[in-house]
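Below is one structure, written out as structure tokens; the observations come after it.
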Amino acid sequence: MSKVHVKTGDTVMVMSGVEKGKIGKVLEVSPKEGKIIIEGVKKVKKHVKARNPQQPSGIVEAESPMYACKVQIYCSACKKPTRIKHVIGSDGSKERICAHKDCGAKL
């Protein structure tokens, strides 16, 4: 199993590709494939067929997965994409903080 640097609920910024510069929240992480789904980023249209008579058919817009290596965590304090630092707190818990030397906000 491979490891992904983002978690569900993180705010990330897309660093490369057509969606470059967009910011969104991570909805789903798939570490086995190394892909993530971001809210409002990389929208695609799917043609959906009705499974039963009550369900509508038509064209539905949904988010498509993208590779996790194309994004960086976005720090809301310094308003920049950043890498993360792991710091062990006084109570022994591991915290993730912004790696910028002026910021140091919790992520």
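The values are calculated or read from the model by the stated rules, or taken from the named source; none is laboratory data. This structure is a prediction, so every number in the text was calculated from the model and none was measured. Using ideal geometry, Cβ is built from the backbone for each residue, glycine included, and neighbour counts are taken over all protein chains shown.
Matching residues to (1) surrounded by 13 or more Cβ atoms within 10 Å (Cβ to Cβ); (2) touching a helix residue (DSSP H, G or I) at 6+ places or on another chain (Cβ under 9 Å); (3) modelled with pLDDT under 95:
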{"position": "HIS5", "(1), (2), (3)": "yes, yes, yes"}
{"position": "MET15", "(1), (2), (3)": "yes, yes, no"}
{"position": "VAL18", "(1), (2), (3)": "no, no, yes"}
{"position": "LYS25", "(1), (2), (3)": "yes, no, no"}
{"position": "GLU28", "(1), (2), (3)": "no, no, no"}
{"position": "ILE38", "(1), (2), (3)": "yes, no, no"}
{"position": "LYS42", "(1), (2), (3)": "yes, no, yes"}
{"position": "LYS45", "(1), (2), (3)": "no, no, no"}
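Could you check, for region 45-62, whether at least one of its residues is in contact (Cβ under 8 Å) with a residue 24 or more places away in the chain and in a loop (DSSP other than H, G, I, E, B)? Walk me through it before giving the result.
Let us first name the residues in region 45-62 that are in contact (Cβ under 8 Å) with a residue 24 or more places away in the chain, namely none.
No.
Which members of region 77-99 meet the condition of being surrounded by 12 or more Cβ atoms within 10 Å (Cβ to Cβ) and either under 14 Å from the mean Cα position of the chain (by Cα) or aliphatic (A, V, I, L, M) (or both)?
Matches in region 77-99: ALA77, PRO81, THR82, ILE84, VAL87, ILE97, ALA99.
Condition (residue is touching an Asp or Glu at 6+ places or on another chain (Cβ under 9 Å) and either touching a residue at least 40 places away in the same chain (Cβ under 8 Å) or not in a loop (DSSP other than H, G, I, E, B) (or both)) applied to region 10-21: is it met by at least one residue? No.
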